[in-house]
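Novice: Supplied in structure tokens, the structure appears directly below.
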Amino acid sequence: MRTHHLATGLAFLMLMAFPPCFAGKAPPIGAPVPDNLGETLDKQPVVASAYLGKVVVISFWASWCAPCRKELPVLEQLQRTAAKDGLQVIAVNLEDARTFRKLMAKLSESQMTYSRNVRGKTSKLFGVDPIPHMVIVGRDGKIARRYVGYDEKKLPEIVDVLNALLIG
């Protein structure tokens, strides 16, 4: 019995001494963007590598999040005005499949790409907490900027960052 407790204690200490790399931590600015961006309503994977050569805005959101609901129309407008310049907005929903399906019925006119965070995998890869959480990816597939929360005062800065990435 005592040996079992000792082994369990040692295993716990090993885990604490050597935590998993990047588990739940946000990849740093300049790192390649994780490829898994969730899946579409029809369960097709959304992958970042498909957008290489474009500037990508990835926004993590949920319908119960009031700041997220403020941010989505702004992102939709960005998608509509800058798509021709090589911008793609991907909105990753953090809710269950049933809620996601209902939301997609309401957002059928949107030009953004919507995906669902299946079993929390995508949000863990990006270290998302809290939402809204926006990641901007350059044409090279590397993370250029990250914004956590929603602040209308940051919009001019975000537009400047996007313009620099689209032009550069």
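Novice: Please give me, ordered by residue number, the chymotrypsin sites (Phe, Trp or Tyr not before Pro) of segment 23-87 that lie in loop per DSSP and have at most 15 other Cβ atoms within 10 Å.
Specialist: Sparse-neighbourhood loop chymotrypsin sites (Phe, Trp or Tyr not before Pro): 64.
Novice: Tell me, what HN-Hα J-couplings in whole Hz come from the Karplus equation 6.51 cos²θ - 1.76 cosθ + 1.60 at θ = phi - 60° for each residue of segment 80-94, using x for Gly and Pro?
Specialist: 5, 8, 10, 4, 5, 8, x, 9, 10, 9, 10, 9, 9, 8, 9
Novice: Okay, next question. May I ask you to list the chymotrypsin sites (Phe, Trp or Tyr not before Pro) in segment 125-155 that are in a DSSP loop and have at most 13 other Cβ atoms within 10 Å of their Cβ?
Specialist: When the chymotrypsin sites (Phe, Trp or Tyr not before Pro) of segment 125-155 are filtered for loop state and at most 13 Cβ neighbours within 10 Å, nothing remains.
Novice: Next question, about the same structure. Mind checking the per residue accessible area of segment 55-111 for me, 1.4 Å probe, whole number of Å²?
Specialist: Spelled out: the 1.4 Å probe surface of segment 55-111, per residue, equals 48 Å².
Novice: Still on this structure, I have one more. Under a crude label model (7 Å from the Cα following the beta-carbon direction), how far is residue 111 from residue 63 in nanometres?
Specialist: Those two pseudo-labels are separated by 2.5 nm.
Novice: Would you mind counting up the charge near residue 83? Only other residues with Cβ under 12 Å from its Cβ, with Lys and Arg at +1 and Asp and Glu at -1.
Specialist: It works out to a net charge of +1.
Novice: Quick check on my link table: of 43/153; 25/106; 43/84; 25/54; 25/153, which ones sit more than 30 Å apart, alpha carbon to alpha carbon?
Specialist: Flagged as over cut-off: 43/153; 25/106.
Novice: Share of segment 64-168's accessible area from carbon and sulfur, percent, 1.4 Å?
Specialist: Its accessible area is 54 percent carbon and sulfur atoms.
The values are calculated or read from the model by the stated rules, or taken from the named source; none is laboratory data. Quick caveat: nothing in here was measured; it's all calculated off a predicted structure. Please note: Cβ atoms are built from the backbone with ideal geometry, for glycine as well, and neighbour counts cover all protein chains shown. Heavy atoms of the whole protein, side chains included, go into the accessibility calculation; ligands, DNA and RNA do not. Shrake-Rupley method; radii C 1.70, N 1.55, O 1.52, S 1.80 Å.
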